[in-house]
Protein chains: 2
Amino acid sequence: MNIEVLEKETNVIIPENLVFGKVFTDHVFEMDYDASKGGWQKPVIKKFEKLNISPAAMVFHYGQAIFEGLKAYKQVDGRIALFRPEKNVERLNKSAARMSIPQVDPKLALEAILELVRIDQDWIPTKPGYSLYIRPFMIATEECFGVRPSDNYKFIILLSPVGPYYPEGFKPVPIMVTDKYVRAVRKGTGEAKAAGNYAAGLIAQAEAKKEGYTQVLWLDAVEQKYIEEVGAMNIFIQFKDEVATPMLSGSILPGVTRMSVLQLLKDWNYNVTERLISIQEVVESYKNGNLLEIFGTGTAAVISSVSKLKYNNNILQFSDEQAGELGIKLYEELTGIQYGKIEDKHGWMTYID
Amino acid sequence: MNIEVLEKETNVIIPENLVFGKVFTDHVFEMDYDASKGGWQKPVIKKFEKLNISPAAMVFHYGQAIFEGLKAYKQVDGRIALFRPEKNVERLNKSAARMSIPQVDPKLALEAILELVRIDQDWIPTKPGYSLYIRPFMIATEECFGVRPSDNYKFIILLSPVGPYYPEGFKPVPIMVTDKYVRAVRKGTGEAKAAGNYAAGLIAQAEAKKEGYTQVLWLDAVEQKYIEEVGAMNIFIQFKDEVATPMLSGSILPGVTRMSVLQLLKDWNYNVTERLISIQEVVESYKNGNLLEIFGTGTAAVISSVSKLKYNNNILQFSDEQAGELGIKLYEELTGIQYGKIEDKHGWMTYID
């Protein structure tokens, strides 16, 4: 299906103080799904405008909503590149399947992302650490109170110019382990990028903030024993002889940055494992001096070094000022590839002509 | 705060074939929350119309959305009555707290429901088994991609005339136990009426439908051993010497009909318990002849008798045609109170003058 471009004039105004996810570009991609008309309808790119949507739309009541997040970068030679967008499209369709939302043609979805970025490319900030955040999402729009999958959906892509996640530089963050709330459970929706997963975690995040912690590290919901993921990031633990990350057990989001970090660590001949990691093991390794550093991985911050990890009465203290060595190395490598400063050996970047 | 009524003219058209939750009345209640303006703003009742909402509204991305469901009945003497609406308001605020949504003044919320029903009262169908379904809900409306509680919300109430849940009469339904998916887990969002909980269950419901079952009976997420609830209902098991329902463990929705059924059973001197009920106990009691009947409770159907319960290779077969005795008795009592045919000893009904 060809994407019809209804409007393409841009009027770029990027404010000096760029708050994450508050500024949007001129255009959106939109495609409607209508079961009574045989599925996905004509894809269009049009002016960013408010949606006109019934208050009885099913997304507001039964939460059928999934999303993705990825970025486009203006590289040092001026080319525009996206980091592994095909992985996001793949995960979007997996999330769709779990949440009973119809899947999209992955080729069309990828083309939609690229075409929209092409049209709004002047919105990509060029300052170091800046990029264009891309937010594809799908929502149920049928007007109905029956509890069943919607017959109508919207697949929309929005673009938002963003600054570096840590404006003052790559600074480590304090994280708190919670066993008061859980985010997800195996056989649930944790491995889907479903809107409801994020709402579920807000309360724990707010309570952590009150105690001075930036994010929450979730434990598995069944035994409350194994670490799972951090807020909007996957987590890695560097032991003396191993770099470990929780295995994808069904309740953990399979992050694209996580996947890429695993590859880089293998390239660099680290002993990398995906396995169950108990919080007890983390605490004891710290006490024994076998734990070198902890970092999170995600699209927004790329790498987040952990300054401090709190679990009940245990405080694992790392440097408050200086990010960990491996975290910095990974950050430099990944952002180097993303901004075209380092060779892209794995062919991770997709370019826009 | 006074509710401003911007429009009150009604134009009642109730179609002959009334599909659940597809027809809406003329008016809606709406109140906006704006953190920057000190909280909840002016409450209004206005014409039902589409929402004009940003595609970047947080409800579409991070799923902060909760709802309630209750009914108004036109009673046999012509009075209009609601069933325990204060309980729904109470639960709405509990759901709000869990999902990091600001709570509303319960008096105002109750008055909003009553005033809206008063204005659209001609929409309440008078045929036996018909009623006016009331759907209060709250959604996050701030335009932002940051993962944090929204600074803006809408609290909306919609009304929808509905027919009897089982148009062909009170017929038992086949139910399948799933251990392939889970709905919720303790310390999660299961006891909140959060939109995301419903999206999470759709896939299991669809798979059950394919095998000829109407609904899914969920097991606890931790041990996959204890029964929790059915689709949009709580569940009761009548053993020979006991009527039992799963205790509110944190992952089960505290149903208003559940609460009322517990009261009626106590009034009638049944041995009623709220406790852990393993699926194994249910299967064995059936085999031993100690299980008399199973029924679900919920606002939409009031009571749903179970004709058949499937758990792996076990099929517990009850009558396909005839609802269980206790189920019928409870259905008659509850609908009798709701339609004003039976004395309301507990003062459950709230009347609209």
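No lab work stands behind these numbers, since they all come straight from the coordinates. Just so it is clear, the structure is predicted and the values come from calculations on it, not from any experiment. Counting neighbours? That spans all protein chains shown, and the Cβs are built from the backbone with ideal geometry, glycine included.
Assorted remarks:
- Full extension of the chain between A:Lys107 and A:Glu242 gives 44.8 nm of extra length, using 0.36 nm per residue less the Cα-Cα distance.
- DSSP bridge pairs, the range A:1-79: antiparallel proportion in percent, nearest 5: 75 percent
- Of all the options A:Gly190, A:Gly327, A:Gly38, the one that moves most in a Gaussian network model of chain A with Cα springs shorter than 10 angstrom is A:Gly38.
- Efficiency of FRET from Cβ geometry, A:Asp320 and A:Asp267, R₀ 25 Å, rounded to 0.05: 0.25
- Inter-label distance, B:Asp179 to A:Lys341: 5.4 nm, where each label sits 7 Å from its Cα along the C-beta direction.
- Under 18 Å from the A:Thr10 label point (7 Å along Cα→beta-carbon), backbone N, the range A:323-348: A:339
- Rounded to the nearest Hz, the phi-derived 3J(HN,Hα) couplings of the range B:339-344 under the Karplus curve 6.51 cos²θ - 1.76 cosθ + 1.60 (θ = phi - 60°) are 8, x, 9, 10, 4, 8, where x marks glycine and proline.
- For chain A, size of Cβ-based charge dipole, Lys and Arg +1, Asp and Glu -1, in debye: 440 debye
- Counting only alpha carbon atoms, the long axis of helix B:325-338 and the longest principal axis of chain B meet at about 20°.
- Comparing B:Val256, B:Gly324, B:Tyr213 along the charge dipole axis of chain B, the residue lying farthest to the positive side is B:Tyr213, per the Cβ-charge model.
- Annotation: the antiparallel percentage among DSSP beta bridges lying fully within the range B:1-141 is about 90.
- Distribution of pairwise C-alpha distances over the range B:231-321, 5 Å bins, in %: 3, 13, 24, 26, 21, 11, 2, 0
- Chain A: calculated mean residue ellipticity at 222 nm from DSSP helix runs of at least 4, using -39500 (n - 2.57): -7500 deg cm²/dmol
- Charge tally in the Cβ shell below 14 Å around A:Ser95, where Lys, Arg are +1 and Asp, Glu are -1, A:Ser95 excluded: +3
- Position A:Asn11: other-copy label points at 3.6 nm, ordered by increasing distance, label point 7 Å along Cα→C-beta.
- Each copy carries a label point for A:Asn313 at 7 Å from Cα toward Cβ; from one copy, the others' points are 5.1 nm away, ordered from shortest.
- Taking B:Leu132, B:Leu108, B:Leu334 as the candidate residues, the one with maximal mean-square fluctuation in a Gaussian network model of chain B, Cα springs under 10 Å, is B:Leu108.
- Its Cα gyration tensor gives the range B:297-353 an equivalent ellipsoid, and the semi-axes of that ellipsoid, as √(5λ) in whole Å with the largest first, are 31, 11, 8.
- With Cα atoms, 0 to 90° folded angle of helix A:256-267 axis to chain A main axis: 50 degrees
- Size-normalised alpha-carbon gyration radius of chain B, reference 2.2 N^0.38 Å: 1.01
- Net charge, B:Ser285 excluded, C-beta distance under 12 Å - Lys, Arg +1, Asp, Glu -1: -3
- Residues with amide H under 5 Å from that of B:Ser307, placed H, sequence gap 5 or more: B:Val173, B:Ile175
- The value for the range A:173-338 of Rg(Cα) / (2.2 N^0.38 Å) is 0.96.
- Formal net charge of residues neighbouring B:Pro128 (Cβ-Cβ distance under 12 Å; K, R +1; D, E -1): +3
- Square roots of 5 times each gyration tensor eigenvalue, C-alpha, the protein assembly as shown, largest first, Å: 45, 31, 22
- On Cα atoms only, tilt of B:106-119 relative to the major axis of chain B in degrees: 80 degrees
- Length gained on full extension, A:Asn312 to A:Glu168: 48.9 nm, using 0.36 nm per residue less the C-alpha separation.
- Note on chain A: GNM, Cα springs under 10 Å; of A:Pro167, A:Pro246, A:Pro106, the largest mean-square fluctuation is that of A:Pro167.
- Listed residue pairs exceeding 23 Å between alpha carbons, taken from A:Lys22/A:Lys47; A:Lys50/B:Lys47; A:Lys8/A:Lys193; A:Lys225/A:Lys287; B:Lys71/B:Lys240; A:Lys225/A:Lys329: A:Lys8/A:Lys193; B:Lys71/B:Lys240; A:Lys225/A:Lys329
- Shortest-first distances to equivalent copies, position B:Lys94, nm, label 7 Å out along Cβ: 3.6
- Antiparallel DSSP beta bridges within the protein assembly as shown, percent to nearest 5: 80 percent
- Rg/Rh for the range A:4-162, where both radii come from Cα atoms and Rh is the Kirkwood radius: 0.98
- Peptides B:42-50, B:149-157 ranked from most to least packed give B:149-157, B:42-50, packing being the mean of other C-beta atoms within 10 angstrom over each peptide's residues.
- Rotation relating B and A, chain A residue nearest the axis via C-beta, angstrom: A:Gly196, 1
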